[in-house]
Structures are given as C-alpha cells and as structure tokens.
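Following: one structure in structure tokens, then a few remarks.
FYI, it's all coordinate maths here, none of it is from the lab. Computed from a predicted structure; not experimentally measured. Ideal geometry is used to build each Cβ from the backbone, glycine not excepted, and the neighbour counts take in all protein chains shown.
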Amino acid sequence: EIAQEAEHKGWHLYIVGGAVRDLLLTRNYEKVLLQDIDLVVDGFHRSADVGAGVELASTIQKKYSNCRLSVHGEFQTAALLWHKDPEFGSLWLDIATSRTEFYPYPAANPEVEASSIRQDLYRRDFTINALAVRLTPPREGELLDFFGGLLDLKAKEVRVLHANSFIEDPTRIYRAVRFAVRLKFEIEPQTEAYIRYAIESGIYEKLRLKNHVAPALTTRLKAELKYILEANYWKPALQLLSELDALKCLHNQVSLDDKIWWQIRCASRWLKYLDPDNKIGHWLIRLEILISQINIKERKQLAQNLQLPKESLERIEIVNTLSSEIQENLKKYDKTSEKYKQLYRYKLPDLMLVAVNCNKKIRRIIWQYLTQWSKVESPLNGNDLKRMGYKPGPKYKMVLDRLLSLTLDGEIQSKEEAEIIVR
Ligand code: ATP
C-alpha cells in the first residue's frame, strides 16, 4: 500500500538497512518476523516533496487506526508504531526522506534515481547495512547493492564503507562489534585497521577533553552500549570491544583487565539469581563497574555525559568509600544480627558493587545477607503484640527489632518461644 501510494505520487520507495540484511540472511522468508523496518522515499522533482516520508506515513496512519505516528527532525523522517499484537509483537516502520538535491525534472530517470538512493546508502555504516530493495516500478523487487554488501553477507564480514567512517562516528565501532558478534561475522581486516587507527589517533579523547563531545553523539554511544550490555551476547561483545581497545572511546582509563572482567561477571551472576526479572537493569550495573575504574572526578563527569540515572550517578560516586566503610564495619562484629544491621539500609545494587569490590570474606557475608538474612522476619508482628494485650506505641518497634535479632542469631526458633520472651 505504501509503495502504491508512493508510485501514485511519482516517488520511489525502498526498503533499506537491517530488514534487507536480515531477509537475505535467512533461507526461509516466511519465518522472518521483521519488527523494525526502514523505508526510504526519494525521486523528487519538487522541493515541496521534502516531507514525502511524513506524507506517506500520515496516509497509512489514516487507513490503520491502530498505529501511532511520530515525526522526527525537519519533516525528514516519520515513524509508525503498531502496538503489541499478541501474535507478532509490535512493529516500527520508519519512513525517511532521502536527503538529496531536487531535480528539475521527473526523477523517473533511472540514473538520477540511482545516484540519489546511492548517496543515501553511502552514508550508512557497513556494506551489509547498505543494501536496498526497490518497492516501486520500474523493476520493483530489485536488489540495489552498490558496495558489495551481498558478497560480504556471504563471506560473513562486517566491512565499512569508507576509511574515515570511524573518525566521523565512534558509535560505528560499537555497531561493528555488535553485528560481528550477533551475526557471528568477522570484522573485515581493513575495517579493523580503520577502527584501530581511529582509536589510536586519540580523536575521542581529544573531543572528550575539550568537552566537545556532542550530546547527540554521547546519547547514541550510550544507546549502543546499552544494546551491547543487555544483549545475551554481552560477554563476547565486551571482550571484542576490549580487544579492539574500543572501551577507550568512553574514557582512556576504561579497560577490561582481569579484575574488572571478573567483577562484571561476578555481579552478573549475582544479579541473575537475585534479580531474575531484571528490574534493576543489569546492563547498567555492568556499565557502572566499567566506569568506576576511572578516577572519581572524571567518572562522575562521564556518567553525567552519558545521562545515567540519578541512582547510578550516586552509586558511582560513593562506591569506593562505601566499600571501605562496610568492610571496616563488618570486621567489628561476629553476631549475624549485628552484621545484618550494618547492611540492611543499603539497596541491592549498592551491595552488589560493594561485594565485587571487597575480599572473599566480606563478599560471603553480603551474599548471606542478600540470600538469607534479608528474608528473615520477626516471628511476631504488631497484631500479635496487640492480641497479647500490649498497647500500640513506640516500644512495638523496639520489641519487634529485638525479636528479629534473636531470630537471626538462632536464639529463638518459633512464635511460641517469641511469646514467652515477650511476656
Ligand atoms: P538491528 O536489527 O540491530 O536494529 P539495524 O541495521 O536495523 O539493526 P538500526 O540501528 O536500526 O540497525 O539502524 C538502521 C540503519 O541505519 C542501519 O542498517 C544502518 O544502515 C543505518 N545506521 C544506523 N546507525 C548508523 C550510524 N551510526 N552510521 C551510519 N549508518 C547508521
């Protein structure tokens, strides 16, 4: 329908990017469930057509009441979102207007058309993402492959489109790693050399030091990091980023040495057990551990630039002092109830970060607290005290706390024993 609408207007419509790549990578087209489709419209002969993408999207939205339309940028891109369908999930359809010059004559001329979509594809990151399929006549269904993307898909290689690509946009390094690991591809050797060159040139560090890192760039870098750190392939991806020295794009003090690598894996194991529904955002804890190796002043700055949530900023700031503090305090006590008192005011993510920062003995205590002690309850509650004839008041808390301590220390085991002690 969108293609017909575009054709009717005299425009050309293409499906581009990830959807084409994923379709070509599969042998059974019927089984591909595309959830994110990028379309590009071009072939204009009137400057008024600059909003073509938006126009197409609004026409479609009028036909389907169950989708939402949003427009980004200067009328260039429109997105349609079909909400969660129980069977197919949700669908994003992005319709971009190709940023090309306007031609004084109808762009049905294939040469003009080709040069315009070619330009659009040339701005993309990798050859495998720079493929397009024409959806409008003439030759609808034809694959446009200007940069050898099909060969690279067959050779399972991530290849960049031009030498300066990574200097222009460091997020592409993270994207290269993401695609390589996710698709089980290799980063093509020349592309890897460009990545290493871009990092060694120190360009990112210079930008950071001059505070010239554009907010849009940091936002995209964070999005790519999040994508990687929350994917099920986060371990090989992080290792590959480290092998390429690409964690330096964040800050020159970020690396994945044995200690940090162990800390991240340990925290992830704990989180899998303690927060199976991923309410905390495990990717964020991994990132916090990475960032916490930077000196205190600069780590805060980086966390702010990355617009991490307030709790993350606070954690990153206090993690070292909190670790020494908790370590010192725990050493002073033998009784479980006393150790419990040292830990109960902290939340899981704080204790996680402290645990991976401390020695084995302290880590064990924190683990016991999180898995056992924090689940212990006082054998009596306020209602029980009331039933026993005690008047509600501030003493209730004292009594209940005391009962909890005695339970933690194994001195009372049942409700009856608790009642005897209270009486
Ligand atoms: P995924 O399946 O992971 O979503 P995708 O290829 O659809 O993969 P997107 O991040 O949705 O990835 O980007 C859509 C398209 O936009 C890409 O295929 C690529 O052509 C282009 N693109 C995205 N980010 C960049 C970038 N930093 N530089 C150049 N082109 C990019």
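Things to note:
- Efficiency of FRET from Cβ geometry, A155 and M398, R₀ 60 Å, rounded to 0.05: 0.25
- Annotation: lysines with alpha-carbon distance below 16 angstrom to K335 (same-chain offsets under eight excluded): K361.
- For segment 211-300, the residue among N278, V254, L290 whose Cα projects farthest onto the positive side of the dipole built from Cβ charges is N278.
- Segment 229-257 and segment 351-423 have Cα centres separated by 42 Å.
- Burial order of peptide ranges 242-249, 89-96 (average beta-carbon count within 10 Å, highest first): 242-249, 89-96
- Rounded to the nearest 500, the helix-only mean residue ellipticity at 222 nm of the chain stands at -16000 deg cm²/dmol, with each DSSP H run of n ≥ 4 adding -39,500 (n - 2.57).
- Highest to lowest packing among 392-405, 51-64, scored as the average C-beta count within 10 Å: 51-64, 392-405
- The modelled label-to-label distance for the pair D334/E140, using points 7 Å beyond Cα in the direction of Cβ, is 8.3 nm.
- Checking the Cα-Cα distances for K259/K332; K226/K341; K184/K310 against a 29 Å cut-off, the pairs over it are K226/K341; K184/K310.
- Taking other C-beta atoms within 10 angstrom as a stand-in for reagent exposure, H83, H72 fall in the order H83, H72, fewest first.
- Over all other residues within a Cβ to Cβ distance under 12 Å of A216, the charged ones net out to +1, with Lys and Arg as +1 and Asp and Glu as -1.
- Selection from I264, P138, S414, by position along the positive dipole direction of the chain (Cβ): S414
- Efficiency of FRET between A223 and L34 - r from beta-carbon atoms, R0 22 angstrom, step 0.05: 0.60
- Shape class of segment 215-329 from the Cα gyration tensor (axes a ≥ b ≥ c, square roots of the eigenvalues): rounded, since a/c falls below 1.5.
- Relative to the longest principal axis of the Cα atoms of the chain, the long axis of helix 258-274 lies at roughly 80 degrees.
- Computed extension length for Q307-T26: 97.4 nm, one decimal, from 0.36 nm per residue of separation with the Cα-Cα distance subtracted.
- Of T336, T407, the sequence from fewest to most neighbouring Cβ atoms within 10 angstrom is T336, T407.
- Per-residue extension of 0.36 nm, minus the Cα-Cα distance of R345 and Q372, leaves a gain of 8.2 nm for this segment.
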